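Colleague: Before we start, here is the structure in question, set down as structure tokens.
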Ligand SMILES: C[S@@+](CC[C@H](N)C(=O)[O-])C[C@H]1O[C@@H](n2cnc3c(N)ncnc32)[C@H](O)[C@@H]1O
């Protein structure tokens with residue numbers, strides 16, 4: 001059992017009993033290999049933890065090679081960066097750049113103070129550590145990927161801080177018995193076939209005085225883009241919304257005052273292949289003769305950050 005559940009007892013009616021099944025070989029044929037990698041991590045004499053741009057576990061180990069091998073057994077590492085003692089996990093995404101865009105909003109900084117947070121599609125929980133540093137009281141991240149849950153466990157094993165939990169659930173599986181002060185959905189909505197359903201479910205998880213923080217690919221045109229096949233090499237992008245469609249969906253879901261915080265074109269400095277994610281990355285998804293376009297001929301990725309209030 002990877003998770004202790006004492007600290008998540010307050011998540012009334014959540015399907016906690018599913019965790020051992022989700023994090024098992026029954027659900028994913030790679031699980032045993034990943035678990036063995038996690039289990040092989042050596043002891044670290046941890047002297048400090050820092051939830052800065054690079055989430056850092058300072059300390060020493062006598063067995064650095066086992067540390068590298070264990071962490072590399074959990075490739076690909078997409079969100080980060082992290083540092084475990086002397087080992088820098090230079091992830092595909094410089095997620096610190098996204099986080100600095102989030103932190104550019106005074107409304108988000110204020111909302112995070114003392115907040116309970118739900119981070120939907122949290123990946124390996126990188127942002128949860130940043131949220132704690134920004135003043136959040138506790139963060140529950142959910143992500144159906146067992147690999148990302150295990151990557152979080154690698155950090156948790158050394159950090160020993162139960163305030164940032166990652167659980168192997170989908171948003172659609174959550175009851176609405178618990179509500180959160182801040183509900184984040186970053187990089188998820190364009191993967192959903194029914195974006196209004198996604199927003200309605202986020203709404204149901206938001207407390208009455210709460211804030212939605214939504215980050216998404218955006219189509220910088222009048223109309224939303226429904227890609228015919230792949231978008232920037234990704235096979236599971238159903239819709240890249242226009243801002244006007246997105247704002248209207250957010251309001252249809254019940255939220256008030258959708259407000260743009262940031263719009264930024266994704267660069268190959270922010271998303272790139274590294275030794276910790278050696279598959280193709282953004283550079284391979286852009287038209288080599290015109291980086292304003294994807295290789296499929298669509299607008300190259302631009303991402304927007306939006307906030308909206310429940311009341
Ligand atoms: C593009 S990643 C974004 C990760 C991170 N939030 C970020 O902004 O960098 C999308 C994540 O959403 C997760 N995801 C996909 N469908 C989901 C669902 N129905 N509920 C919760 N998470 C989901 C995926 O497993 C993946 O880790």
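Where a number appears in this text, it was derived from the coordinates with a stated rule and is not lab data. Given the structure is predicted, the values throughout are model-derived calculations rather than measurements. All Cβ positions, glycine included, derive from the backbone under ideal geometry; neighbour counts span all protein chains shown.
Colleague: Is the range 248-299 rounded, prolate or oblate when judged by the Cα gyration tensor, a ≥ b ≥ c being the square roots of its eigenvalues, rounded requiring a/c under 1.5 and prolate requiring a/b larger than b/c?
Modeller: Details: a/c = 2.90, a/b = 2.00, b/c = 1.45.
Since a/c reaches 1.5 and a/b is larger than b/c, the shape of the range 248-299 is classed as prolate.
Colleague: Find the relative contact order for the chain and round it to a whole percent, using C-alpha pairs within less than 8 Å whose residues are 6+ positions apart.
Modeller: Numbers: 637 pairs, mean separation 49.6, N = 311.
The value is 16 percent.
Colleague: Counting other beta carbons within 10 Å of each Cβ, put 127, 31 in order, fewest first. Kindly include the intermediate steps, with their values, before the conclusion.
Modeller: Details: 127 25, 31 17.
Least crowded to most crowded, the residues run 31, 127.
Colleague: For 255, 35, what ranking results if the residue with the fewest other Cβ atoms within 10 Å of its Cβ goes first? Please report the intermediate quantities before stating the final value.
Modeller: Values: 255 26, 35 19.
Ordered from fewest to most neighbouring Cβ atoms within 10 Å, 255, 35 come out as 35, 255.
Colleague: Continuing with this model, one more query. Determine the calculated [θ] at 222 nm for the chain from helices alone, applying -39500 (n - 2.57) to every DSSP H run no shorter than 4 residues and normalising by the residue count; nearest 500 deg cm²/dmol. If you can, show how the numbers build up before the last one.
Modeller: Values: 10 runs with 85 residues, N = 311.
After summing the helix terms and dividing by residue count, I get -7500 deg cm²/dmol.
Colleague: A follow-up question, please. Sequence gap at least 6, Cα distance under 8 Å: using those rules, report the relative contact order of the range 123-262 to the nearest whole percent.
Modeller: Numbers: 198 pairs, mean separation 26.2, N = 140.
Averaging sequence separation for qualifying contacts and normalising by length gives 19 percent for the range 123-262.
Colleague: Compute the Cα gyration tensor for the range 28-74, then decide on rounded, prolate or oblate, letting a ≥ b ≥ c be the square roots of its eigenvalues: rounded whenever a/c is under 1.5, prolate when a/b is larger than b/c in the other cases, and oblate in all that remain. Spell out each step's value before the answer.
Modeller: On the way: a/c = 2.91, a/b = 1.64, b/c = 1.78.
Because a/c hits 1.5 or more and a/b fails to exceed b/c, the range 28-74 counts as oblate.
Colleague: Which of these, 81, 15, 258, has the largest mean-square fluctuation under a Gaussian network model of the chain (Cα springs below 10 Å)?
Modeller: So, out of 81, 15, 258, the one fluctuating most is 15.
Colleague: Also, I was wondering about something else. What ranking of 109, 62 emerges when the number of other C-beta atoms within 10 Å of each C-beta is taken as an exposure proxy, fewest first?
Modeller: Exposure proxy ranking, most exposed first: 62, 109.
Colleague: Measuring from label point to label point, each 7 Å out along Cα→Cβ, what is the residue 18 to residue 30 span in nm?
Modeller: 2.1 nm
Colleague: Can you bin the range 93-309 into rounded, prolate or oblate? Criterion: square roots of the alpha carbon gyration tensor eigenvalues sorted a ≥ b ≥ c, rounded for a/c under 1.5, prolate for a/b above b/c, oblate for the rest.
Modeller: Details: a/c = 1.69, a/b = 1.23, b/c = 1.38.
Oblate, since a/c reaches 1.5 and b/c is not below a/b.
Colleague: I'd like the distance separating the alpha-carbon centroids of the range 29-50 and the range 69-126, in whole Å.
Modeller: What the calculation gives is 18 Å, centre to centre.
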